1. Residues of the range 88-123 being among the aliphatic types (A, V, I, L, M), farther than 17 Å from Leu302 by Cα and more than 20 Å from the chain's Cα centre (by Cα), which ones?
2. crowded, with 20+ Cβ neighbours inside 10 Å, in contact (Cβ under 8 Å) with a residue 60 or more places away in the chain and not small (Gly, Ala, Ser): is that true of Leu309 in this structure?
3. Starting from the range 58-70, take each residue that is touching a residue at least 60 places away in the same chain (Cβ under 8 Å) and over 19 Å from Lys41 (Cα atoms) and list its partners that are open to solvent by 10 Å² or more (accessible area, probe 1.4 Å) and among the charged types (D, E, K, R), counting only C-beta distances under 7 angstrom and pairs at least six apart or across chains.
4. Is it the case that Thr27 is of a type in the set (Ser, Thr, Tyr), in contact with a Phe, Trp or Tyr (Cβ under 8 Å, 6 or more places away or on another chain), touching a residue at least 24 places away in the same chain (Cβ under 8 Å) and assigned to a helix (DSSP H, G or I)?
5. Name the single residue, out of those in the range 275-310 being in a loop (DSSP other than H, G, I, E, B) and aliphatic (A, V, I, L, M), that is modelled with the lowest pLDDT.
6. Checking the condition polar (S, T, N, Q), modelled with pLDDT under 95, at negative phi and open to solvent by less than 80 Å² (accessible area, probe 1.4 Å), which residue from Ser35, Ser12 passes?
7. Name the single residue, out of those in the range 271-310 being polar (S, T, N, Q) and touching a Ser or Thr at 6+ places or on another chain (Cβ under 8 Å), that is farthest from Ser128 (Cα to Cα).
8. Having 1 or more residues that are surrounded by fewer than 16 Cβ atoms within 10 Å (Cβ to Cβ) and modelled with pLDDT of 90 or more is the bar; report the strands (runs of 3 or more DSSP E) wholly within the range 54-147 that clear it.
Amino acid sequence: MDFNWTKKDLLSLYDLSREEIVHILDTAEEFKKVSQRNVKKVPALRGKTVVNLFVEPSTRTRLSFELAEKRLSADVINVQADASSLRKGESLLDTVKNIRALQVDIVVMRHSAAGAPNFLSRELADCSIVNAGDGAHSHPTQALLDLFTMREKKGRIEGLNVAIIGDILHSRVARSNIWGLLKLGANVTISGPATLVPKEFEKIGVRVCRNLKDAVKDADVINLLRIQHERQRTEYFPGTGEYAKFYGINPDSMKYISPETLIMHPGPINRGVELDSAIADGPQSVILEQVTNGLAVRMAVLFLVAGALK
């Protein structure tokens, strides 16, 4: 299907239509084939310069973006806050303006402040901005790779029952997944401690379930979230042992879960807390496939936003 992609930025899935999300997934499907070839490189971004500006720590996302950029033949610059003038007190906008003065085409940014990529997008109209995670707000490429993995393994998104378990309140992954899943017609259930799962999500069509057994028993997919200790106040979290007992996926809770259910996690995993090691490494887990698919999704995103930049 022909599709005219017009967005120069990827800031959140809230901003995308169903058709735009599907187009990214379809494009990623083609780029996944590149990684299965002997020569794992294409000239799609030859002559383009991409800056990875990570003001917040990252391993998987940063490495995935960097490899995606190199496989697209882009010139890549990595900037980390601890090794940049941000540490000397330079503002984020001044940092990016200086980067842009070097004729950079795309900035991939992770930041602890919600809305930081949107701010840059307004200020830098001649440069594409890709959100690699902003505070507890949005992580669009993680949600896209989750959707890609679900579609690849289950053959569809529409009608799937997807349970998202854990720290919903502080999770940009949960917010992005919820918007993407709802737009593609999935049924979404969220579950976790009452302090971490706001009932307000019911207003947008999400089922809120306090009991893990009820949340997972009919699930086609279970997406587990890392406990966001760095974003929490202590009183929000019931304690590691208590959380693992009531909301962890372990051999006991697997009794309520279909053998056909996919087990997903964005990483890094707190083994023995949200997920038992035997299950994380077991036959229902597609966690490493998520990592593989993240590369294809990020190649697709970079390719599309670069093509929309006039």
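1. Within the range 88-123, Leu92, Leu93, Val96, Ile99, Ala101, Leu102 qualify.
2. Values: crowded, with 20+ Cβ neighbours inside 10 Å: no; in contact (Cβ under 8 Å) with a residue 60 or more places away in the chain: yes; not small (Gly, Ala, Ser): yes.
Spelling it out, it is not the case that Leu309 is crowded, with 20+ Cβ neighbours inside 10 Å, in contact (Cβ under 8 Å) with a residue 60 or more places away in the chain and not small (Gly, Ala, Ser).
3. Ser58/Arg110; Thr61/Arg110
4. Numbers: of a type in the set (Ser, Thr, Tyr): yes; in contact with a Phe, Trp or Tyr (Cβ under 8 Å, 6 or more places away or on another chain): yes; touching a residue at least 24 places away in the same chain (Cβ under 8 Å): yes; assigned to a helix (DSSP H, G or I): yes.
Yes, satisfied.
5. Taking the range 275-310 first, the residues in a loop (DSSP other than H, G, I, E, B) are 276, 281-284, 286, 309-310.
With aliphatic (A, V, I, L, M) added as a condition, the list becomes 286, 309.
Working: Val286: 98, Leu309: 77.
Only one residue tops the list, namely Leu309.
6. On the way: Ser12 fails: modelled with pLDDT under 95.
That would be Ser35, the only listed residue that is polar (S, T, N, Q), modelled with pLDDT under 95, at negative phi and open to solvent by less than 80 Å² (accessible area, probe 1.4 Å).
7. Of all residues in the range 271-310, those polar (S, T, N, Q) come to 277, 284-285, 290, 292-293.
From the residues that got through so far, the ones that are touching a Ser or Thr at 6+ places or on another chain (Cβ under 8 Å) too are 284, 290, 292-293.
On the way: Gln284: 37, Gln290: 25, Thr292: 24, Asn293: 22 Å.
Checked the range 271-310; the qualifying residue farthest from Ser128 (Cα to Cα) is Gln284.
8. On the way: elements: 75-80, 106-111, 128-134.
It comes to 75-80.
The values are calculated or read from the model by the stated rules, or taken from the named source; none is laboratory data. Keep in mind the model is a prediction, meaning the values are calculated, not measured. Here the Cβ is made from the backbone with ideal geometry for all residues, glycine too, and neighbour counts use every protein chain on show. Please note that ligands, DNA and RNA were not included when accessible areas were found on the heavy atoms of the full protein model with its side chains. Shrake-Rupley method; radii C 1.70, N 1.55, O 1.52, S 1.80 Å.
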